[in-house]
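Report on the following structure.
The values are calculated or read from the model by the stated rules, or taken from the named source; none is laboratory data. Since the model is a prediction, treat every value here as computed from it, not as a measurement. Don't worry about glycine lacking a Cβ; one is built from the backbone with ideal geometry, like all the others, and counts go over all protein chains shown. All accessible areas refer to the heavy atoms of the entire protein, side chains included, with ligands and DNA or RNA removed. Shrake-Rupley method; radii C 1.70, N 1.55, O 1.52, S 1.80 Å.
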Amino acid sequence: MTGAQGRLVKAARRARGKAVAPFSKFKVGAALETARGKVYLGCNIENASYGLTLCAERVAIFKAVSEGERRFKRIAVMADTGRLTAPCGACRQIIWEFCGNCEVIMANLKGKTFEELKGMLPPTTDRQKIQDLIAAVNGAAGGNDRIASFRSALGKLGTTAVTMLKAAL
Ligand code: THU
């Protein structure tokens, strides 16, 4: 563990102290380091509806992104579990989209840490892939049957689906 990683883990521990987890009692802290070394903290914030709960990782990422940050080095996640807590699927998707294949450090209060240096987030929905696909469809000459049929399938999609697809890009 490098000095920078250790500092981030400590920051995640601090963030955990702010967790709002009256329902699960499971407190989580996250610390996100930007490419330029600034650190944003996040904690889980639960809601009586349960489903509106936000994980610590997403709070940290959304705070940073809403401040205009776009390039990140690593994220540390602190929970009080013997088996270290890894980001949930929803957070992995968000980490993938905003932080790319970045370094994820998991830690617990007893000082156990584990670094997942890239590769924790294997292919999830990748906006570049979707854009490539659409560019291929739009740019294709009529000669290619598969692309032509895909194009006609796209044409049959309802406007809601097309709007949703565009919104996702
Ligand atoms: N939680 C996080 O904040 N991050 C994780 O990586 C795992 C789960 C939160 C969500 C919820 O408030 C509580 O932990 C129990 O799942």
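Annotations for the structure displayed:
- Cβ-Cβ under 6 Å pairs, at least 6 apart or on other chains, the range 26-37 side closer than 18 Å to residue 70 by Cβ, far side more than 13 Å from the ligand (Cβ to nearest atom) and part of a loop (DSSP other than H, G, I, E, B): 34/69; 35/71
- The lone criterion from (1) part of a strand (DSSP E or B); (2) modelled with pLDDT under 65 left unmet by residue 107 is number (2).
- Only one entry of 115, 97, 57 meets the criterion of being touching a residue at least 60 places away in the same chain (Cβ under 8 Å) and either crowded, with 16+ Cβ neighbours inside 10 Å or away from the ligand (no atom under 12 Å from the Cβ) (or both), and that entry is 115.
- Scanning the range 34-50 for residues that are more than 8 Å from the ligand (Cβ to nearest atom) and open to solvent by 70 Å² or more (accessible area, probe 1.4 Å) turns up 36, 38, 48, 50.
- Of all the criteria given as (1) crowded, with 19+ Cβ neighbours inside 10 Å; (2) within 15 Å of the ligand (Cβ to nearest atom), the one not satisfied by residue 85 is (1).
- Members of the range 12-27 found to be more than 8 Å from the ligand (Cβ to nearest atom) and either of a type in the set (A, V, I, L, M, F, W, C) or closer than 11 Å to residue 43 by Cα (or both), listed by number: 12, 13, 14, 15, 16, 17, 18, 20
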